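Below is one structure, written out as structure tokens, with a few remarks after it.
Just so you know, all these numbers are worked out from the coordinates, no wet-lab data involved. Everything numeric in this text was worked out from a predicted model, so none of it was measured.
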Amino acid sequence: MTDHLQTLKYIKSDVLSLWVSSNEELASFSEYFLLLKQCLKKHLNISNAIFLSYEENHLAPVEEATAITIETRQKSVPWPMIEPSFYQQKVVGIPSILNENESYKDMTDMVLFQIENKDPFGILLVEATDLWTDFIHSDAGESFVEIITKTIKMINENLEVKLNEDQYRKLYNMTDLFHSTMDIDLILENVLKNIKDNFPEFNVELILSNDQDRHTTIDIKLFDYLSERPATIEAFVSGELTIELANDLNCRLLNVPIKGRQAIYGILQVNAPMTYIFSSSEKDFVCMLAQASGNALENAKLYHQSHRLVRDLQLINETSHRLNMRIDISEMLLFLQKQLMKSFQPMEVCFAFKNKNKFEITGASTSFFKTDEGSVYVKHVEQHFENTIDPLFIADFSRLASNDIEYRSVMAIPILMEETINGFSIVLHKEPYFFSFDSFKLMQSLIHHSSLAIANSILRDQLQEMVDRDHLTKLFARNYLDRYVEKSLDKDDSGMFLLIDIDNFKRVNDTYGHQIGDRVLVQIAKQLRKTVGSKGICARWGGEEMSIYVPNIDENEAIQLATDIVEVIPMETDPQVTISAGLITWNQKYRPAFQSVFLHADNALYEAKNSGKNQFCMHDHTLQTNS
């Protein structure tokens, strides 16, 4: 008995030295246990001992040289399977569950270190010696267990303080950096670096929500509700840490939300082996790191957002100012295309407008939309707008298409006129999730502000069309013809003007009535447009008189055209009528004054009338020149 007390005294002395060392030198519990093993060997002749540390309801071996590793965590044993073995005793024999483990097969005794009503600190496994057995089952043995328990408690508290100091130092340095920068790449780099420093053997991944402001070079993954694991989605939605045993991936996933004051911006995911148990301090550190990075990302986002809002307002203001400058619809759409390209960096842009219940692609669209591949997107957007005026935002079009498609990010905004869809604009990009929701809202605003200007331009064109066209025949009006001829005389090399009068048209009205007379006018107008085509214009001169002007035509072609018109009119009218016409041509050698064109044509028409009608006469400019 005296020997046991003497042994206990020596052990207390060594334990005191361990405590002093733990305060001054030791950085981990494994280093303390190495010294404890030396003490056991010295005083109790124990050569083989293993300490199982308690963490998260598991017991994992503490190795001599290093802190708890992946391999030691894989040797962990659930505490509930060991707890019944003690039967309210602190020293018992090894249960069969431990003997079956190759690592513990030589062990005979185990000692529980636990303060009443608290979680255990761990258990000590030893291969017993006679000296050990005699000592541990004595009163001195009970004191030994109590002393070691208190010492472990103090060392754990001390190590926890040191760990917290180290972690808080890291957090402080990182937070200090975060407060000094708005560089999102730098923030993400430091988050990954700190996590990998803490888990050097694990795979760490940043899963961030889509954000157009973030053009980062850091390797990150975009958060996708349709493909993420349920535990990852739960962490993102709830803002709480989740742990998942992913049997299909053969790993344990730690999902920590990256959240600021206003929102959750993503998930910090640590991928560990199935048997690894994350300690409370590890989880606390990762959560604090994720929160610090979430606040930093939020500040950077708000900073960039404020600058972007200023740019967006400038863009909308510039666009509205430009589009309200009474430019035509083609110029308007080309300008709008440049604005969309500059703001959203799409690969393809389309503008389509409704014409007789069918959408037509405009010249301001990129060539892709005139291909069969492009028509897939146009058709999808058309079908969408058949039932709604809501804009369309598709992050990954490949999920909606049955075939392989090239462009996966899609935004389509309706162009409205009086709450009715008059057209739409589409932008495309090959990368999925390329456009952010902020971009979507900006494009809506841009197109909305542009829609009014576009509608005004269309209405101006329609109004101008009404002014420029004769209501009955749909031929150009006299004012439009005057402007057209005057410009042609200034810029073209040659031209012809044919003034036409329907022979005996009063007789048609008197015989058949004005309604039939109007029908004859429409028949002649239709035939004139068909004969002239796109070479020139046809106009209603007044009453039963019509005219044709064709620029850049030589004299022989003009004579043939006039001949064809005089011959075809009787065949295309019902009741049949004939026409008389006066023709004047000009070229670089003979360029008449603007008013002279009409005067000479009128004189030639008068001559045709007086010469028997159903013919045309031509003004001879040589007579005028010679005279």
Checklist entry - Once amide H atoms are placed 1.01 Å from N in the peptide plane, what residues at a sequence separation of 5 or more from Gly122, or on another chain, have their amide H within under 5 Å of its amide H? => result Tyr54, Phe113
Item to check | Estimated vicinal HN-Hα couplings, Hz - the range 332-344 in sequence order (Karplus 6.51, -1.76, 1.60; Gly, Pro = x) | outcome: 4, 6, 5, 5, 5, 4, 4, 5, 5, 4, 5, 7, 10
Checklist outcome for this item: Subtracting the Cα-Cα distance of Lys105 and Met154 from 0.36 nm times their residue separation yields 14.6 nm
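For a 25 Å ceiling on Cα separation, which of these pairs sit above it: Lys37/Lys193; Lys9/Lys37; Lys221/Lys259; Lys42/Lys118; Lys338/Lys535; Lys379/Lys526?
Check vs 25 Å cut-off fails for Lys37/Lys193; Lys42/Lys118; Lys338/Lys535; Lys379/Lys526.
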Checklist outcome for this item: For Asp106, the residues 5 or more places away or on another chain with a placed amide H closer than 5 Å to its own amide H are none
Item to check | Residues whose placed amide H lies under 5 Å from that of Leu416, excluding near-sequence neighbours | outcome: Asn422
Checklist entry - How many angstrom lie between the C-alpha centres of the range 373-435 and the range 464-484? => result 39 Å
